[in-house]
Amino acid sequence: MGGSIITCEIFSSAITSGLQAYAQQYLSAFKATTILMLEPVFTACFASFILGEVLLPQCYIGACIILGAIPIPSENTGACFLKVCSERVWGN
């Protein structure tokens with residue numbers, strides 16, 4: 001039992017944390033934040049497709065909330081993507 005706990009620790013925490021830290025060196029803060037905010041949504045999707053988990057309506061609501069809460073700022077100006085789109089559409 002002790003060996004399986006150590007194996008899980010190595011693969012699920014140590015390696016993934018190291019890979020994440022390595023990859024973040026090459027991403028902008030905007031891209032890294034967006035990817036990390038989507039982690040729970042990816043996890044639920046993978047659990048559903050790979051493991052056959054049944055997602056309850058609360059899971060879909062949560063995914064919609066997460067997707068809706070992600071600010072999509074422009075990397076250059078810091079302006080919110082939705083605000084820029086509404087200005088282009090409505091001319092405000």
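The values are calculated or read from the model by the stated rules, or taken from the named source; none is laboratory data. As the structure is a prediction and not an experimental result, all values here were calculated from the model. All Cβ positions, even for glycine, are placed from backbone atoms using ideal geometry, and neighbour counts span all protein chains on display.
General remarks:
- Flag: Leu82 does not match the condition of being at pLDDT 75 or above, more than 17 Å from the chain's Cα centre (by Cα) and either surrounded by 10 or more Cβ atoms within 10 Å (Cβ to Cβ) or on the phi < 0 side of the Ramachandran plot (or both).
- Cβ separations smaller than 6 Å between residues 6+ apart or across chains give the following pairs from segment 32-56 residues that are outside the structural domain of Leu19 (by TED's automatic domain parsing) to residues that are surrounded by 11 or more Cβ atoms within 10 Å (Cβ to Cβ) and of a type in the set (D, E, K, R): Ala47/Glu53.
- Among the residues making up segment 50-69, those that are in a helix (DSSP H, G or I) and either of a type in the set (A, V, I, L, M) or surrounded by 10 or more Cβ atoms within 10 Å (Cβ to Cβ) (or both) are Ile50, Leu51, Cys59, Tyr60, Ile61, Gly62, Ala63, Cys64, Ile65, Ile66, Leu67, Ala69.
- When restricted to residues that are of a type in the set (Val, Ile, Thr) and assigned to a loop (DSSP other than H, G, I, E, B), segment 1-30 contains 0.
- The residue list Glu75, Glu87 contains one member that is acidic (Asp, Glu), farther than 26 Å from Gln20 by Cα and modelled with pLDDT under 85, which is Glu87.
- Per the listing Phe30, Phe42, the residue uniquely at pLDDT 85 or above and either under 17 Å from the mean Cα position of the chain (by Cα) or under 28 Å from Cys64 (Cα atoms) (or both) is Phe42.
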